[in-house]
Amino acid sequence: MRTLLLLALLALGLYWYAERYGLAVGYPPFLPVFYWKYTGEAQYPIRVSGLYNAVKVKVSGDLEEGRLSVALLRDGRVVGERVYSGSFQGEARFPASPGEYLLRFQLQGAKGRVRYDWVTTKFAP
């Protein structure tokens with residue numbers, strides 16, 4: 001009985017924290033990420049090399065609230081950006097030349113589930 005009461009108290013505390021401050025649980029790109037009123041961003045450095053390159057980002061998920069912005073940056077400038085909200089499944093391809101880039105996932109008031117995956121790849125002309 002004590003264990004049940006402790007678990008209920010823990011769940012109530014987690015709910016209160018998520019409602020007040022936001023919560024994100026998961027580990028992209030390997031696991032889906034679950035958001036509860038989360039606002040924040042994650043940045044991942046990537047390197048592109050070769051000819052006819054692109055950065056391909058696959059996103060799928062269902063956001064009950066808020067929105068997701070996926071952007072590719074080079075030297076602080078936005079190379080390409082896509083915005084998702086509601087239920088979505090898509091693939092964003094950003095043309096890239098060889099060099100260092102920053103892949104940014106930005107969320108605003110997100111509540112729901114999102115799965116990310118990205119790769120730098122070569123495409124035939």
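Just so you know, all these numbers are worked out from the coordinates, no wet-lab data involved. Keep in mind the model is a prediction, meaning the values are calculated, not measured. So basically every Cβ, Gly included, is an ideal-geometry build from the backbone, and we count neighbours across all protein chains shown.
Side notes on the structure shown:
- Computed about its Cα centre, the charge dipole of the chain is approximately 140 debye, with only Lys, Arg, Asp and Glu carrying charge at their Cβ.
- Neighbour net charge for residue 91 - beta-carbon separation under 15 angstrom, K R +1, D E -1: +3
- Of 63, 101, 116, farthest towards positive along the dipole that unit charges on Lys, Arg, Asp, Glu beta carbons give region 23-122: 101
- Charge sum, other residues only, whose C-beta stays under 14 Å from residue 112's C-beta, Lys/Arg counted +1 and Asp/Glu -1: +2
- Across the chain, the longest run free of exposed loop sites, meaning chymotrypsin sites (Phe, Trp or Tyr not before Pro) lying outside DSSP classes H, G, I, E and B with no more than 12 other Cβ atoms within 10 Å, spans 53-122.
- Two-decimal Rg/Rh across the chain, once Rg and the Kirkwood Rh are taken from alpha-carbon atoms: 1.11
- Near the amide H of residue 65, within less than 5 Å, lie the amide hydrogens of 111, all on another chain or at least 5 residues away, with H placed in the peptide plane.
- With contributions of -39500 (n - 2.57) from each DSSP H run of at least four residues, the per-residue ellipticity at 222 nm computed over the chain stands at -5500 deg cm²/dmol.
- Amide proton proximity set for residue 116, modelled H, under 5 Å, gap of 5+: 33
- Across region 68-83, computed HN-Hα scalar couplings (Karplus, 6.51 cos²θ - 1.76 cosθ + 1.60, θ = phi - 60°) run 10, 10, 10, 9, 10, 10, 9, 6, x, 9, 6, 8, x, 8, 10, 10 Hz from first to last residue, x flagging Gly and Pro.
- Between 0 and 90°, nearest 10: helix 2-21 axis offset from the chain longest Cα axis: 50
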